[in-house]
Amino acid sequence: MGLGRWLAGGLGWALFGPIGGLIGFVAASLLDSPQNIGKSNTTRGDFNVSLIVLVAAVMKADGKILKSELNFVKQNFIKLFGKEQTKDALLMLKDILQKDIPVIDVCRQIRTHLDNSSKLQLYHFLYAIAQSDGFIDKTEINLLETIGIEMGLSKKDINSIKFMFIDDTDSAYKILEINKNATIDEIKKQYKKLAIKYHPDKVAYLGKDMQEAAKVKFQKLNEAYEKIKKERGFN
């Protein structure tokens, strides 16, 4: 079947540790191919597998796997991997969904090897999965909080992405990681700082399709900034 074929760039660190244990069934086909096994730097394959493992964990969080979640995952996998590779990705997801996922161990492996920009993009996608049925369950929020912490994201980063999906009266300020009483100059400086941090070019090494996905997160930041500008009356 060649389930490893869609792992563009091969697998490095993700083939080992708790993540490797979850995808052991593809190891044989990977080992028979000239891919970059054992490579220390993160490859596209490492990111993809990390994403699939944590997507499975989030889908299982509320005790039910909904069709809306599966459809959302499929649609976004097609954008990220292409139609043919998505078939293999979904087979891997189906297998992992049947296993016990050591979420904390998986997150700590990701924490050690994945750069912060890629972790933020991964985290954003997980929140999108949780919201795909129109409601984010408390168990899903709790799991996502744990994932963010164990991946090494700061509390501000965790809340920034969280409030891109959970709206409240102060969500725009929380997305910008700033207090509602901040001055206009402080708001402008913070926006510029986060615009650099969340820029799609930060995940360029993961490919153009992942850059496109990152634009959604970047757009949420811009929308929050525009909302504050309108509320506070500045340009």
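None of the figures in this text is laboratory data; all of them are computed from the coordinates on show. On a predicted model such as this, the values are computed, not experimentally measured, just so you know. Cβ atoms come from the backbone with ideal geometry, glycine included; neighbour counts cover every protein chain shown.
When the chain is treated as a Gaussian network with alpha carbon springs shorter than 10 Å, the biggest mean-square fluctuation among 137, 62, 100 belongs to 100.
Checking the cross-link pairs 79/189; 180/229; 192/220; 193/215 against a 22 Å limit on the alpha carbon distance flags 79/189 as lying beyond it.
Excluding residue 82 itself, calculate the net charge of residues whose Cβ lies under 11 Å from the Cβ of residue 82, where each Lys or Arg counts +1 and each Asp or Glu counts -1. Neighbourhood net charge equals 0. Binning the C-alpha pair distances of the chain at 10 Å intervals from 0 yields a P(r) profile of 7, 32, 36, 17, 6, 1, 0 %, listed from the shortest bin outward. Residue pairs exceeding 25 angstrom between C-alpha atoms, taken from 64/162; 74/156; 87/162; 99/119: 74/156; 87/162. Shape annotation for the stretch 157-235: C-alpha extents along the principal axes are 38, 24, 18 Å, from largest to smallest. Between the alpha-carbon centres of the stretch 153-193 and the stretch 116-139 there is a gap of 17 Å.
Between 213, 182, 224, the residue with the greatest mean-square fluctuation in the GNM of the chain (Cα pairs under 10 Å linked by springs) is 182.
With 0.36 nm allotted per residue and the present C-alpha distance subtracted, the residue 222-residue 138 stretch has 27.5 nm of extension available.
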